[in-house]
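Reviewing the structure listed below.
A short reminder: the numbers here are calculations on the coordinates, not readings from a lab. No experiment lies behind these values; they were computed from the predicted model shown. All Cβ positions, even for glycine, are placed from backbone atoms using ideal geometry, and neighbour counts span all protein chains on display.
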Amino acid sequence: MNLDLLHSKILSCQLCDLALGRTKAVPGEGPCPAGIMLVGEAPGAEEDVTGRPFVGRAGRLLDRSLGLAGINRSEVFITSVVKCRPPLNRKPKSIEIESCHHYLQSQIDLVHPRVVGLMGNVAVGALLNLQGVTTLRGQVLQGRFLVTFHPAAVLRNNNLQEAFVSDLKKIKEMGSGDQ
Ligand code: SF4
């Protein structure tokens, strides 16, 4: 399967209850292959309307932070653990994460990144079955996963900004090079 076909399946997916309340599914976007992949939690209100990942306030913070780390967003594949917005932006449920997981795994297989930045506990839990971003951040696990904060957490607590950019710089180093 190629990425376009995978994303067309996501756009019409009905595998979990999040399909009932979404406006648009948000598969993710970016080059394929890509050296860097970033994985967030779930689409928010603006993502749900536009069908694009990280375009709201957290997305704008992510864009600024990528710039500070010397990363061009157009070089990064960006997605999230679940592809449809949870009602009222609640955390995705385990059953929703499990239902959506094969899409994320297929994206990792197809995009074939050198480094996957896991932004927040939901991403760390979904891909590594671990919790504790505050403790794990900045660490490289299983050779290609780098744990960092979710941009929404950085929005809520500006004290995390420096560490977040530092993690993105590490991601840049790991992701550079020809595919
Ligand atoms: S969240 Fe994932 S599994 Fe659930 S409906 Fe959306 S695309 Fe399908």
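List of remarks:
- Each peptide among 149-162, 129-142 gets the average number of other Cβ atoms lying within 10 Å of its residues, and from highest to lowest they stand as 149-162, 129-142.
- Between SER166 and LEU11, full extension at 0.36 nm per residue minus the direct alpha carbon distance yields a gain of 52.4 nm.
- A full extension of the chain between ARG60 and GLN139 corresponds to an added length of 26.0 nm, given 0.36 nm per residue minus the alpha carbon distance.
- Once divided by 2.2 N^0.38 Å, the Cα radius of gyration of the chain becomes 0.94.
- Ranked list, fewest to most other Cβ atoms within 10 Å of each Cβ, for ILE36, ILE71: ILE71, ILE36
- Quarter of the Cα convex hull surface for region 1-91, i.e. its orientation-mean projected area (nm²): 5.9 nm²
- A Förster radius of 30 Å combined with the Cβ-Cβ distance from LYS93 to ARG73 puts the calculated FRET efficiency at roughly 0.50.
- Proxy reagent accessibility, fewest Cβ within 10 Å first, across MET119, MET174: MET174, MET119
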